[in-house]
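Presented below is the structure to which this report refers.
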Amino acid sequence: MAMRPAVMWMGKLYPPVWRGEEQEPAEQFAMLREMGIEGIDIFARAVDQYGVDTLASALESSGLECSCYYISADLVSDGPEKVEAADAAFPRGIENAQTLGATICFTHGSQHAHKGEDNFQRYLDRLREKLQLFKDVEQKLVIENAGFLLHTGEDMARACEVLADEGLGLCPDTGNFTLWGQDAFDAVMKCMPWAWHFHIKDYAERWEENGAPRGKEAVLGQGVTPVAKVFDMLHERRWSGWVAWEPGPQDEDGIEASVKELLRLIG
């Protein structure tokens with residue numbers, strides 16, 4: 001398949017309200033499909049709120065596809081409750097992904113809470129354990145650049161140099177590279193051998209407070225993140241897969257403008 005446009009179900013879009021009117025998932029999915037979006041990345045919290053069957057029905061009626069299913073789990077903490085929760089989250093997440101028709105699973109919840117080489121190695125060890133659950137299913141597992149633990153292109157490449165043979169792929173996030181002061185294009189290039197899914201967002205500016213990065217997100221195409229350059233490279237390489245725009249604080253006009261720009265960049 002070619003590049004296909006998706007959105008992450010978050011920010012102003014979640015919970016589903018549009019111009020002051022509350023929506024059911026099927027209504028919002030249909031609206032996004034009318035805008036030209038083809039897929040939606042769904043978090044586990046949405047399944048907890050609405051039920052997997054309700055969301056599967058909303059996908060079918062709207063014509064959207066589940067482009068990615070998100071498994072929330074802390075794979076670094078060795079606290080018994082966190083370990084138990086992570087161990088339960090993955091089989092449930094794979095089952096939900098199968099019900100929703102997603103072939104990509106994305107795990108989050110480790111990178112922001114931890115840092116340091118020892119925790120990086122524990123993260124890889126726990127990812128290796130979880131990758132065994134994906135051996136005989138259609139779903140594949142990806143991680144993104146985020147947090148103190150994994151925010152550079154080198155970090156992402158290191159993870160896949162160790163775990164690609166076990167089935168791990170990457171989900172480069174253009175905006176997260178900008179947020180952490182990276183050369184976003186160079187960092188994306190380091191990820192490309194293992195890139196199976198993309199998060200696309202744009203930052204208007206970034207700064208630091210007490211050693212932590214902070215930023216202001218922009219309407220897609222109006223910030224400093226080199227998203228157009230990234231898309232030019234993806235076209236040149238004929239990369240295929242889902243590219244999911246990540247809504248932030250944009251209002252409805254900003255969402256419509258960002259979706260329009262995403263579709264233009266995909267072509």
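The values are calculated or read from the model by the stated rules, or taken from the named source; none is laboratory data. The structure presented is a predicted model; accordingly, all values stated were derived computationally and were not measured. Glycine gets a Cβ as well: all are built from the backbone with ideal geometry, and neighbour counts include every protein chain shown. Heavy atoms of the whole protein, side chains included, go into the accessibility calculation; ligands, DNA and RNA do not. Shrake-Rupley method; radii C 1.70, N 1.55, O 1.52, S 1.80 Å.
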Among the listed residues Asp155, Asp186, which satisfies the condition of being open to solvent by 30 Å² or more (accessible area, probe 1.4 Å), part of a helix (DSSP H, G or I) and of a type outside the set (Phe, Trp, Tyr)?
-> Asp186
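A quick yes/no check of all residues on (1) among the polar types (S, T, N, Q); (2) open to solvent by less than 30 Å² (accessible area, probe 1.4 Å); (3) not in a helix (DSSP H, G or I):
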residue: Ala86; (1), (2), (3): no, yes, no
residue: Pro91; (1), (2), (3): no, no, no
residue: Ser110; (1), (2), (3): yes, yes, yes
residue: Arg122; (1), (2), (3): no, no, no
residue: Asp125; (1), (2), (3): no, no, no
Which is surrounded by fewer than 20 Cβ atoms within 10 Å (Cβ to Cβ) and either under 30 Å from Ser57 (Cα atoms) or without any contact (Cβ under 8 Å) to a residue 24 or more places away in the chain (or both), of Glu95, Glu166, Glu144?
-> Glu95
For region 217-267, enumerate the residues that are in a loop (DSSP other than H, G, I, E, B), hydroxyl-bearing (Ser, Thr, Tyr) and open to solvent by less than 30 Å² (accessible area, probe 1.4 Å).
-> Thr225
From the options Asp78, Asp74, Asp41, residue that is of a type in the set (D, E, K, R) and open to solvent by 50 Å² or more (accessible area, probe 1.4 Å) = Asp78
Is it the case that some residue within region 166-178 is at positive phi and not in a helix (DSSP H, G or I)?
-> yes
Of the residues in region 44-66, how many are outside any helix (DSSP H, G or I), farther than 27 Å from Val83 by Cα and open to solvent by less than 50 Å² (accessible area, probe 1.4 Å)?
-> 3
Residues Trp196, Trp207: which one is open to solvent by 10 Å² or more (accessible area, probe 1.4 Å) and either in contact (Cβ under 8 Å) with a residue 40 or more places away in the chain or among the small types (Gly, Ala, Ser) (or both)?
-> Trp196
When region 20-38 is examined, which residues are found to be more than 27 Å from Ile266 (Cα to Cα) and surrounded by fewer than 12 Cβ atoms within 10 Å (Cβ to Cβ)?
-> Gly20, Glu21, Glu22
